[in-house]
């Protein structure tokens with residue numbers, strides 16, 4: 001099987017969320033014929049139908065609905081990756097200063113530091 005591109009996934013998701021192909025095309029700043037062509041290509045690559053064409057409208061197949069679940073999970077995963085990258089960027093040069101009496105520094109801090117360190121990205 002050839003690789004499915006991210007563009008195929010974007011098109012599929014737009015078609016599933018938009019009321020029609022014209023609106024999906026507008027969401028992606030492309031043409032309706034491009035959307036139709038890329039959907040057909042995606043179905044070819046997947047080797048199953050995502051939509052039934054009924055009276056000029058697209059109806060998702062059972063496989064199309066299951067595929068949408070995976071697509072949504074992927075989008076959620078990408079959001080998590082983006083948020084993690086932002087957290088890493090923000091805390092890359094972060095410093096923590098702890099001020100306490102020397103007696104506490106020797107007795108209380110050593111067991112606490114691994115806990116604090118484990119909670120930082």
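The values are calculated or read from the model by the stated rules, or taken from the named source; none is laboratory data. What you see is a predicted model, and the numbers here were worked out from it, not measured in a lab. Here Cβ is always computed from backbone atoms with ideal geometry, including for glycine, and neighbour counts include all displayed protein chains.
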Quiz prompt | Pair list, Cβ < 8 Å and 6+ apart or interchain, from the range 18-47 residues that are at positive phi and crowded, with 16+ Cβ neighbours inside 10 Å to residues that are at pLDDT 95 or above and part of a helix (DSSP H, G or I) | solution = none
Quiz item: Do we have any residue at all in the range 48-59 that's surrounded by fewer than 15 Cβ atoms within 10 Å (Cβ to Cβ) and in contact with a strand residue (DSSP E or B) (Cβ under 6 Å, 6 or more places away or on another chain)?
Solution: yes
Practice problem: With a cut-off of at least 1 residues that are under 27 Å from residue 6 (Cα atoms) and touching a helix residue (DSSP H, G or I) at 6+ places or on another chain (Cβ under 6 Å), name the helices (runs of 4 or more DSSP H) lying wholly within the range 48-121. | Solution: 62-91
Quiz item: Looking only at the range 64-97, which residues are without any contact (Cβ under 8 Å) to a residue 12 or more places away in the chain, surrounded by 11 or more Cβ atoms within 10 Å (Cβ to Cβ) and more than 15 Å from the chain's Cα centre (by Cα)?
Solution: 65, 66
